[in-house]
């Protein structure tokens, strides 16, 4: 045993022979992947060959990637093959030299573990976790544990405030001229409840400033951003967003593109694989984006029903308390609108099918879905009152006038054009009609299974996919009468949806044989 | 809108054009991967191109894989590239036809979600989840959420029994001639506490039947299976295990190789990435393997200390209650031995370094680690009494005689030879000595950071890696005196360990400057 340093600096340098970067043009669903040869001496001498994750460095750039090994078809012994995500994160060129390292201890992992073991996140811990997530130091497996741990504990206001602060602190933050910046959000869970485009159009037409950012679907068949993407461009930069809002008073863009809450998309991707929503994460995500977007007055729609996301008035009250409490902590006024969440809203479910309903309401068509119009007008009315564009008790009346005289539609088109163009939503290539098995009265509609059916048909990834629902609660229906039309962009997806429906006909109660 | 079926059977057949299997010889850490061309028409017509996971079918075989896309370097438009795990699960040959499908709804995912939302698992739900995990229907991301959800809730005896039943029901189950089958287990958390090989040797030498299966390390620098693998073969089939036990009365093999608890390894792999242990999962995992192994009497060592896995006598009491309670539910007698968990046991930490300590004790060397010998003799004594090989109160004396007269070592070597050969553990290629910064007395040793240090040096994946600790609690030490010798099989790993030590010198309290 000798006390001298066995590892000299010379050894260090000698061993860190770099590998030549090879772009594999492999799309790996955002997970950064690196592939080395089974016989790669660098990986072996660094003891990395059986490691799960490695750190790659090129100059000052570094990223963590999952390490796979190949026997020679993809890379030679002195090469390292990189997936597109790894390639982009390192910002390198073909043949650049990459060195391989053991990933540093990710300090915030102790915060994750302490969360799993039931401790509340502090602002510092939450910030450390989100920073490491955004900078790519967490694998999807680790993000998944974080989400499950959050979802497992009953939500707590000070933790939700800490999460919100952390999320706001790591993203961009917008500011606007003027004292009143309005915004709206729906907590979701009610298929087809696409009021946002209508409310934004009315509010902006009434002169309010409403820089609306929306998310893509997490577990639902469509998010507002998915629906808007079938009618205009939603991936706008901060500057483009500002230009649109300055010109039209409002916008309807995808929140991810302006980096208001950069951890969100990485978390949402994992939540989608888990088909899971998490309350603390959800309220922090909603409020952080509102705060980062510079909103001062936020209206939140909470549909309540046994198969909606919020199942009982007690749950709705708890959620309201959280949203209002977080608002208070940041000086943002939050108002909550509880609404009936018993059955889907509108006819269409899926990005383009919901867009079609929205346009029917905006264009005041005779067949426009009545319930969607009513909900949008109620919310728009509350918003006009909140924002001072109408006197108390007169909001809905003012909103109705703006919708009926065409100002809302004109404003909607003007906003879309400012965002890069207005176009009509696409139509699906394949349809399939599902009919009542027997004569009866509709006794119940299961929102969750309806949403699942629309997703199996391909929504939201296939924009024209989803379903139209032709009946409402309480309707008398004859045997053979159409209940649902499925829309799909591929036969495979439509087949899956049909199979699922045949196994779950009671998702519409009262008319299945 | 037409009521006729838009999708005919003919369409279905036409669209399901198979792809040619291409073996990529890509090792992907057990995650099944499939790669199709970005322009692959089958994936596009099935709407699969942006899906996370797809089902692959070849004849009657099917498996779920993660779908990546490539622009043409790896596969052509009519090929599907498969990783080694995917290849093995499908059991196919180069050029075989593979069809791509939407993965079926994994029904047990609703059980996972209900667990996340705080509901207790029933036996049925647990069985459904474990079955789907074993059959490859869960991604690592989903397994991670399951583990985090389990770890997040305080453990519950009936849930732990349900988990145990589920795990027993999906694996193989052994039975042995004779009424008494003894077994031991240590819950871990104390580096170097490698008593099992000694206890098994003594018990088998005393005539007891002890078919011991052990796990590889989860979050520790070595599991018993990792240590035994440096001295003999541990990957035995059920038949080979039976042959060894029939011949020698005992064995010391890796539990994963006999499929006693097939979900375990998949869960452990994810726990390793999370650096997380979960009590319910742990007790179910331990007890299911004991039950599946046909044990009737089980002795469980629980080290207790502020930096051990079990931190307080109260936690130890809770854990004991679970282990004994599960035993009761299955008619297995469980005895618990609480032990001091203040500091590491033995000198070596890491597979081969612990094996060296074990051999020193078995060979009754003068320098053999005293504490390891004492602990092993205490446990062996309890086991001899439990199993009826010694009268009450005389167990330790009997065990000491068996160790000191060489019968234990002879039995150990005989068992190793029956398992395929006995060999001496390997020596590390690189060493580095860490010395006391100042003269003082050792006031504390942090088991967790010592374990982490051994892992950074490369244990357990590099068998000879780890560390030797040269001091005990209370020792008087002079400045410059060696505290720890790090052992590594690569320079990279050793460097990491040294860096970590320099940042965490207070892991040995009282002598850092």
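How many angstrom separate the Cα center of region B:400-415 from the Cα center of region B:325-348?
Value for the Cα centre distance between the two parts: 23 Å.
Taking neighbour Cβ counts within 10 Å as the exposure measure, how do A:301, A:357 sort from fewest upward?
Placing the least packed residue first, the sequence is A:301, A:357.
Determine the shielding of peptide A:429-439 by partner chains: average, over its residues, the number of Cβ atoms on other chains within 10 angstrom of each Cβ.
On the way: counts 1, 3, 4, 6, 6, 1, 1, 0, 0, 0, 0.
Mean inter-chain Cβ contacts per residue within 10 Å come to 2.
Could you tell me the calculated FRET efficiency between residue B:110 and residue A:172, based on Cβ-Cβ distance and R0 = 30 angstrom, to the nearest 0.05? Could the numbers behind the result be given before it?
Details: r = 38 Å, r/R0 = 1.26.
For R0 = 30 Å, the calculated efficiency reads 0.20.
For region A:122-166, what class follows from the C-alpha gyration tensor (a ≥ b ≥ c being the square roots of its eigenvalues): rounded when a/c is under 1.5, otherwise prolate if a/b is larger than b/c, else oblate? Before the final figure, lay out the partial values.
Numbers: a/c = 3.28, a/b = 1.28, b/c = 2.57.
It comes out oblate by the Cα gyration axes.
Counting only helical runs of four or more DSSP H residues, what would the 222 nm mean residue ellipticity of chain B come to if each run contributes -39,500 (n - 2.57) and the total is spread over all its residues?
-12500 deg cm²/dmol
On C-alpha positions alone, give me the angle between the axis of helix B:351-362 and the longest principal axis of chain B, in degrees, nearest 10.
40
Can you pull the mean other chain C-beta count within 10 Å for peptide A:24-32?
6
Mind checking the mean number of beta-carbon atoms from other chains within 10 Å of the Cβ atoms in A:145-158?
5
For residue A:429 and residue B:311, what does the FRET efficiency come to when R0 = 56 Å and r is the distance between their Cβ atoms, rounded to the nearest 0.05?
That pair, residue A:429 with residue B:311, gives E of 0.35.
Could you tell me whether the protein assembly as shown comes out rounded, prolate or oblate from its Cα gyration tensor? Rule is a ≥ b ≥ c as square roots of the eigenvalues, rounded for a/c under 1.5, then prolate if a/b exceeds b/c, otherwise oblate.
prolate
Mind jotting down the distance between the C-alpha centroids of region A:212-272 and region A:125-189, whole Å?
When both Cα centres are located, 16 Å separates them.
I'd like the FRET efficiency for residue A:443 and residue B:473, computed as 1/(1 + (r/R0)^6) with the beta carbon distance as r and R0 of 56 Å, rounded to 0.05.
Once the sixth-power term is evaluated, E becomes 0.20.
Taking neighbour counts of Cβ atoms within 10 Å as a proxy for exposure, in what order, fewest first, do B:416, A:435 appear?
So the ranking, lowest neighbour count to highest, is A:435, B:416.
Roughly how tilted is helix B:262-274, in degrees to the nearest 10 and between 0 and 90, from the longest Cα axis of chain B?
The answer is roughly 80 degrees.
Could you list B:295, B:220 in order of exposure, starting from the residue whose Cβ has the fewest other Cβ atoms within 10 Å?
B:220, B:295
For chain B, take the longest principal axis of its alpha carbons; what is the angle in degrees between that and the long axis of helix B:313-329, to the nearest 10 within 0 to 90?
Long axis of B:313-329 versus the principal axis of chain B: about 60 degrees.
Which of rounded, prolate or oblate describes region A:219-363 when judged by the alpha-carbon gyration tensor and an a/c cut-off of 1.5?
Rounded, because the longest to shortest axis ratio a/c is under 1.5.
Count the DSSP beta bridges whose two residues both fall in chain A, then state the antiparallel fraction as a percent rounded to the nearest 5.
50
Could you check the spin-label model distance between residue B:502 and residue B:76? Points 7 Å from the Cα along Cα→Cβ, value in nm.
For residue B:502 paired with residue B:76, the spin-label model returns 5.5 nm.
Readers should treat all values here as calculations from the given coordinates under stated rules, not as data from a laboratory. Only a predicted model underlies this, so the values are computations on that prediction, with no experimental measurement involved. Using ideal geometry, Cβ is built from the backbone for each residue, glycine included, and neighbour counts are taken over all protein chains shown.
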